[in-house]
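Reviewing the structure listed below.
Bear in mind these aren't lab numbers, they're just calculated from the coordinates by the rules spelled out. All figures in this text were calculated on a predicted structure; none of them were measured in a lab. Backbone-built Cβ (ideal geometry, glycine too); neighbour counts: all protein chains shown.
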Amino acid sequence: MREQRRTRVAIVGGGPAGLTAAKALAGTEDVLVIEREAEAGGIPRHSNHWGYGVRDLRTVTTGPAYARRLAEGADEAGAELMTSAMVTGWDGRTLEVTSPNGLVSVEADAVVLATGARERPRTARRIPGDRPAGVYTTGELQNHVHVYGHSVGTRAVVVGSELVSWSAVMTLRHAGARTVLMTSARSEADTYAAVGLAGRVAFGVPVATRTTVERVIGKGRVTGVEVLDHATGRSRMVACDSVVFTADWIPDHELAVKLGLNLQPGSLAPLVDTALRTQAPGVFAAGNLLHPVDTADNAALDGRRVAASVRRWLSGARNLADGVPVHAAEPLTWIAPGLVRPGDPAPVGGRLVAWTSEYVRFPTVVAVQDGREIGRVRTPWPAAPGRIFRIPFSLLAGLDPSGSAVEVRLAS
Amino acid sequence: MSPNQPAAAPADVFDVAVVGAGVVGSAVARELSGYRLRVALVDARHDVGDVTSKANTAILHTGFDAKPGSLEARLVHDGYLLLTDYAESVGIPVERTGALLVAWNAEQHESLPGLRDKAEANGYHETFLIDADAVYEREPHLGPGALGGLVVPGESIICPWTTTLAYATEAKARGVELLLGRTVTGADVGADATTLQTSAGPIRARWVVNAAGLGSDHLDRAFGHDRFTITPRRGELFVFDKLTRPLVSEVLLPVPSAKGKGVLISPTIYGNVMLGPTAEDLTDRTDTSTSAEGFAQLLDKGRTILPELLAQEVTATYAGLRAATEHSDYVVDVDPAQRYLCLGGIRSTGLTSSMALAQHAADLLGGAGLDLVPVPDAELPEPPRMPYIGESGVRPFADPERIASDPAYGEIVCFCERVTRGEIRDALASAIPPTDRGGLARRTRATNGRCQGFYCGAHVDDLLNGGKGHA
Ligand SMILES: Cc1cc2nc3c(=O)[nH]c(=O)nc-3n(C[C@H](O)[C@H](O)[C@H](O)COP(=O)(O)OP(=O)(O)OC[C@H]3O[C@@H](n4cnc5c(N)ncnc54)[C@H](O)[C@@H]3O)c2cc1C
Ligand SMILES: Cc1cc2nc3c(=O)[nH]c(=O)nc-3n(C[C@H](O)[C@H](O)[C@H](O)COP(=O)(O)OP(=O)(O)OC[C@H]3O[C@@H](n4cnc5c(N)ncnc54)[C@H](O)[C@@H]3O)c2cc1C
């Protein structure tokens, strides 16, 4: 009763990464994008504000408009978009898909995982208390407000102070809710270095730094949160009728884990090389699944890269050189791609991407291999928590392809 | 007209009012609905099974470690067999995973043979002892230091939500009146009938069954008794991501001590792994919040048992309150003069014992003078077929025939848990429909997965509110 079908390329996930890859491949290959939502476009569909498309489309547009453009682009290029279709299992080659049209087994010569990333919900952050309604992630909040027009309360506490946290503040404002407090676990300097100051000025939102939410309170609907100021050790109650847990990303890596793909310890993203190959032959990955979480245009640029790599694989390129693993060290928590093979292209945009737990205004990045410093670069941009830190690939110019793993850290 | 509408009874007086629609009260109502009786099932909440019966460790116990000779031991033993059969007939998810009691120190190790003997005394003959090597062969991810174990092959995991719902659904189909949103505040025992004062007007019944769980002592006092006091004993739990399910193949039980059953690690029927529960006496009977202390305690215990689990993602946390009393056994007593049956202090085994407790309740009521005339099988409606929300069977999203017959079963709404629009629609149209997201989750698992609504929360709320669709 399961329909069988074959395709050259199956792309799991029709967000910016998957759609861009589909568009790039569709001219020459038979491409199927499998998207579980009723509409393709990914997260930008419900991120109803400006700031999309800068690096890939060379324009600035809103999330929903951007999502539509990418979906139309893939469609016009000849890719097949299968929506309301979810990949529920696979063996690396054949995908089990459920859709209203029935069950389909899709056999593909190449598979691209572009399943994105999500925010950890309150439970995954292990925050105790009651279990009332009114506790959201930014993703859920934006779906409520921008897709369904639901009301989301009037007084909100936003947990986190990254780009996405301000996106939550904007959504709340749009929905008529005031952000009465934004909490940041980081110091004042680190918080404002991320994006805080601009946001604070623009929105007049009070920000409590070195502060965490310790408890959620309320029966039925949330009535408040208990916050702890780590500087003073004092706790206090903040009354609110909604709480938004923002950021704290985790890749949507279920399919990657089920296949047994190696994960990057700091990000839990599947490990890839600079061509975006995973360790499974013919299985590639792109977008925020690899780097939770970058902006949509960078996810889209991954899509272009992965398309080129898929094309090479389909044309029969095999015999990969062994790669050198690249690990992140304090204060960097992860770095991607995590594998560099001789002969492969430089990473997307000529840069490695990393995540830092500390703010460094003028960072010097150091690469060490076999106890020896093999590279050192200064970046004119800071390393700031809560946003991607880009590292010029020239850092690894002196890499010994037969050496052991490279460690990348910030010089103190 | 339902098969239970005796023409003689005045319309406003029930033969029996069961107070409390948890797993116990629902089982009792279902049992009584097999007789020619007009039965009301009353609860303060707007859903059945919305208190302790929804927040437990969901194990169908063999009763191997119960106190031999106690009422609880007998009812757990019998209830296990009854519910295993019933689950099969109505489609309640059950998996016979078995359990392994792991001894972590010499004292625990020495107590294992005694536990085996206790199991024998309880009429359960399948347990056997194994050495440390065999323990690790069964459970290779176990932390270091296990000295040996006792295997209890019959211990099973079950869906507690479907259980209560199945009882209540069948009871309703057989004519029981489900009176939700009614808090019973007092009882006036009259000559022929008792008037229960409730938050939504009086309910009159000739007989009253107290299955009020955490409120059972208060209701008992309303009948003039003073024989037990409930102490809410909180149990907090962690539910780990489904990706951790391969770490454990059976229920990992601690060796019981004087302090209670202790913290276990168990697969859940939905395919997660659960760690808990704690045991802490509270005073507030409504405090089902989780706590930082509870979490710390669980993580500490879990680290010894299954260290790899701790670094994994947590999907949910919750707490349930056991209706503990000063007595070591259930407080079950019938008062023929008051036409009143108390089923109090059904503390930590009520899910398992529910059906046996219900039969026992019917026996006691019959013995005390309630006229029990069985409704012939031919007159009873077919038992319900409950929607399947477990992990070991075939769910609609994976069933090509279901999807072919109705494409809504191929339309996945909650991605993490693969819940389809068809299932949500069915739940909303069911005999006992959910009234909030939690209720829908208990019927379908929608929003219960790892993203907790990041992707589907708004869509699910929209369907719950009648599906107004996009803004
Ligand atoms: C609240 C918020 C605000 C943001 N604001 C901005 C901004 O202003 N500017 C900006 O540039 N970026 C912004 N971003 C980041 C941007 O949305 C992401 O970088 C981008 O969406 C990543 O694209 P992606 O394709 O990797 O993943 P996604 O957009 O997450 O797409 C993944 C897709 O895969 C599908 N999928 C997953 N698993 C399966 C499966 N098993 N079967 C079928 N389909 C599946 C999902 O349904 C989804 O559509 C924001 C992100 C968030 C959360
Ligand atoms: C942490 C924990 C783990 C457990 N693990 C297991 C297990 O693995 N296996 C097992 O078999 N058992 C287990 N149990 C025990 C089991 O959950 C309980 O024994 C069982 O749920 C009790 O059911 P009940 O119907 O008596 O109580 P409840 O489910 O609490 O139902 C009582 C009902 O009465 C209603 N009520 C109370 N007062 C009034 C009033 N005045 N008016 C109207 N309605 C009223 C309430 O609203 C409630 O719905 C566990 C319990 C806990 C807390």
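So here's what we get for this one:
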| quantity | calculated |
| --- | --- |
| Global geometry of chain A, whether rounded, prolate or oblate, following the gyration tensor of its Cα atoms and the 1.5 cut on a/c | oblate |
| Table column - 3J(HN,Hα) (Hz), segment A:352-360, Karplus curve with 6.51, -1.76, 1.60, x for Gly and Pro | 7, 10, 9, 10, 10, 9, 10, 7, 10 |
| Neighbour net charge for A:Ala300 - beta-carbon separation under 13 angstrom, K R +1, D E -1 | +2 |
| Out-of-range pairs (alpha-carbon distance over 25 Å; input B:Lys118/B:Lys261; A:Lys219/B:Lys261; B:Lys54/B:Lys242) | A:Lys219/B:Lys261 |
| Highest to lowest packing among B:87-96, A:224-233, B:357-366, scored as the average C-beta count within 10 Å | B:357-366, B:87-96, A:224-233 |
| Anisotropy class of segment B:305-394 from Cα gyration tensor, a/c 1.5 cut | oblate |
| Whole-number percent relative contact order across chain A, with pairs defined as alpha carbons under 8 Å at least 6 apart | 15 percent |
| Local electrostatic count, B:Pro381, Cβ distance below 13 Å [Lys/Arg +1, Asp/Glu -1] | 0 |
| Equivalent ellipsoid dimensions for chain B as semi-axes, Å, which come from the Cα gyration tensor, largest first | 35, 29, 20 |
| Shielding score for A:116-129, defined as the mean number of other chain Cβ atoms within 10 Å | 6 |
| Under-5 Å amide H pairs with A:Val326, H placed in peptide plane, nonlocal only | A:Leu339, A:Val340, A:Val406 |
| Under 14 Å, Cβ to Cβ, from A:Ala67 - net charge with Lys/Arg +1 and Asp/Glu -1 | -3 |
| 5 angstrom amide H check on A:Val112, placed H, neighbours 5+ away | A:Ala10, A:Ile11, A:Val12, A:Phe284 |
| Mean shadow area of segment B:396-464, taken as a quarter of the surface of its Cα convex hull (nm²) | 4.2 nm² |
| Separation of the B:Glu88 and A:Arg6 label points, Cα + 7 Å toward Cβ, nm | 4.6 nm |
| Loop trypsin sites (Lys or Arg not before Pro), segment A:320-412, which have at most 13 other Cβ atoms in a 10 Å radius of their Cβ (DSSP) | A:Arg361 |
| Segment A:1-117, relative contact order [Cα under 8 Å, separation at least 6], % | 37 percent |
| Other-chain or far-sequence residues with amide H under 5 Å of B:Val273's (modelled H) | B:Phe240, B:Thr268 |
